[in-house]
Amino acid sequence: MKPRFAILTVLLSCLLLAGLVLSAQQTPPPQELQPGQPPGQVTITLDRGGAQPRKIKLAFPAFRSLGQLTGAGGAVRELEETVRRDLDVSGYFEIQGPDALSGLSLTGDVQKDLVAYRSTGNEVLLLGDLRVEGEKLVFEGRVLDLGSGQAVLAKRYSGPFSVSRRMAHTFADEVIRFLVGKKGIALSEIAYTSDRGGSKEIYVMDYDGENPRKITGHRSTSMSPAWSPNGGSIAYTSFFNGGPGLYLADLGSGRKRPIITSGSLNTSPSFAPDGGRVAFARSFDGNVEIVVTDLSGGNLRRLTNSNAIETNPAWSPKGGEIAFTSSRAGNPHIYLMDSEGANQRRITYDGTYNDGASWNPEGDLIAYTSRRDGQFQIAVTNVVTLESRVLTSGPGENQSPTFSPDGRKIAFTSSRGGGKQIYVMDLDGGNVRQLTTEGSNDLADWSRSVPER
Amino acid sequence: MNRKWMIWMVMATLLTFLYGCPKKKPATPPSDLNVETTTVPASPSTPPPAQDVQQPATPEVNDQTEDLLKSADLQVVNDELKRRGFSPDIYFDYDEATLSDDTRDKLSRNADLLKSQAQFSMTLEGHADSRGTNEYNLALGERRANAVKQYLGSLGVGADRMRTLSYGKERPVCTEEVESCWSQNRRVHMIITGRSNVG
């Protein structure tokens, strides 16, 4: 081989190698806002060391009321506040609201004001117009890309004043879906147990704590609600007919029926993702084990068989695994098994008492109640690496976590304010907000989708 | 020995007076004079002697007792059994479902009473203290109730007469977050909840 040729080959190989190494190390580019183009995956690793997508800067001036709004004043304010809150708590946006924008000299003509809005760093502009047509409230929401001045999203909603919150949630989810490329959670709901009426009953509230409504009226002890995957019904435990049995509440009709009441104990239901089966804890002569049945309590299949207590199953979102609590190691810990009961293995090693597993929608994290230094806290474990982290601290105790349907938040029970209330926090433990205030509230379960009703 | 005769005469008169007068009650054989006075029995397990078909000393109390166990009000029945030495509550150590010796003694007396009153069926409520999660405590209460049921069964109480019902920590008798309250909640509570036509 001629020397010159050899040098050229080596040089080219080096360049090629350098190119390969550089491209492997390149971090993903910052999110460019392209109308209609969803940016790359938002990855929440347990480590928080991965690249955090930056927030979209959004200008949110006050909504305009067009014409007479007699009687609708409250609904209008509620709608605007709800949209703003939904977008704010989503964590995807840095919002400049009317107060922050008050320093800008705005003409009211959107095209003329684009420069002004951009001057404080905003990338998108959200506008809302409200008017009343007869008995109905009409809301038109638009999102403009401040770079091009083009409207990228326009929606119109019409309905009675009483659905103004729902309009707001629907629009906020649309904004998130369009600008971020992810499903929002503004229409999701949280089922929980509350004693505010004198006895423990099942309640449902909007994901932001608003609109609580009573689902059961058994006047006994009803607890441990579990959403069906499509959000149309809730399975729960109740003592109203004697010993603890499993029941199903249909949310559309309001009807309740038994799932299984034979034997001395049936508790802690969890739906399979196909919605046709439930896993739960059942007593076999005092030995509490995990079983699966169909929704009529038939085709019973026992999955665990030990001398210890097994309880509180949680079916994985894709259906292949069931997490559960077992005291076979001496103390309660979280275990996994496949949905047939095979390959049972322990996944928690820290903490002296671990219970109440809740899966994230991706199926790689489990949140649970974990006793650390004598106090219950919320912990999260990666089911693959078994890496775990505690998300809460005192005062008070923290229990019963449930993941939001986008996997970015966890609702949980805390006694930090005295009695038991339901709170929500981000996956890193930040932005804690209280959702309930009346009575004692516990055992929350977050719906997995926009409920089909 | 005149004095001895006099003493005997006086005693015989006294005894006739004491035991002979009430008409409903027949005379007690002299051998009973030497029987020890027993206090209100905590252990009703000793059956009356076979040859003694006579009623105990106070017929009013006796009739009332029979009536009480025949009462349609099970609260009255439960109170009467308790009066007869039934222990409605037995207690457990933290996170345990094992029976202590003291518990076994109490259950042994309970078993005797239950076997002598075979018409009654019973609920064994299992409870746990407020520490621990709601779900796990339901299972713990169930284990406790069944531990008691199994022990009573081993002593001869029919299993079909006993029903377990765990309340976990949902029905505490007190709510203070201190050991003196927690220990009261770690319990199995036994109550008669039914009566059949047997016995």
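A short reminder: the numbers here are calculations on the coordinates, not readings from a lab. Since the model is a prediction, treat every value here as computed from it, not as a measurement. Cβ atoms come from the backbone with ideal geometry, glycine included; neighbour counts cover every protein chain shown.
Summary table below
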| item | result |
| --- | --- |
| Spin-label model distance (nm) - A:Ser262 vs A:Asn230, 7 Å beyond Cα toward Cβ | 2.8 nm |
| Diffusion coefficient, µm² s⁻¹, Stokes-Einstein with Kirkwood Rh over alpha-carbon pairs of the stretch B:80-199 at 25 °C and 0.890 mPa s | 170 µm²/s |
| Low-density loop cleavage sites - trypsin sites (Lys or Arg not before Pro) in the stretch A:273-350, where at most 13 other Cβ are within 10 Å (DSSP) | A:Lys318 |
| CD proxy at 222 nm, helix term only [per DSSP H run n ≥ 4: -39500 (n - 2.57); per residue of chain A; nearest 500] | -5000 deg cm²/dmol |
| Helix runs (DSSP H) in chain A reaching 27 Å along axis by Cα, Kyte-Doolittle at least 1.0 | A:3-25 |
| Extension reserve of the A:Ser119-A:Asn299 stretch, reckoned as 0.36 nm per residue once the Cα distance is removed | 58.3 nm |
| Label point 7 Å beyond Cα of A:Thr107 along Cβ direction - residues of the stretch A:117-143 with amide nitrogen under 15 Å | A:117-118 |
| In chain A, lysine pairs closer than 26 Å at Cα, eight or more apart or cross-chain | 27 |
| Set of aspartates and glutamates with alpha-carbon distance to B:Lys149 below 12 Å, sequence-local pairs under 8 removed | A:Asp285, B:Glu125, B:Asp160 |
| Sequence-distant aspartates and glutamates (8 or more away, or on other chains) whose Cα lies within less than 14 Å of B:Lys106 | B:Asp89 |
| Spatial extent of the stretch A:56-180: Rg and Dmax, with the Cα atoms as the point set, Å | 13.9, 40 |
| Computed FRET value (nearest 0.05) for A:Ser393 with B:Asp79, which takes r as the C-beta separation and R₀ as 60 Å | 0.75 |
| Spin-label proximity, B:Asp67 to the stretch B:89-126 - amide N less than 20 Å from point 7 Å beyond Cα toward beta carbon | none |
| Distance in nm between pseudo-label sites at A:Gln375 and A:Glu133 (7 Å out along the Cβ direction from Cα) | 5.5 nm |
| Calculated SAXS-style log₁₀ I(q)/I(0) at q = 0.07, 0.10 Å⁻¹ - chain A, Debye, Cα scatterers | -0.44, -0.80 |
| Global form of the stretch A:189-446, assessed from the alpha-carbon gyration tensor, a/c cut-off 1.5 | rounded |
| The stretch A:56-180 - share of DSSP beta bridges that are antiparallel (%, nearest 5) | 70 percent |
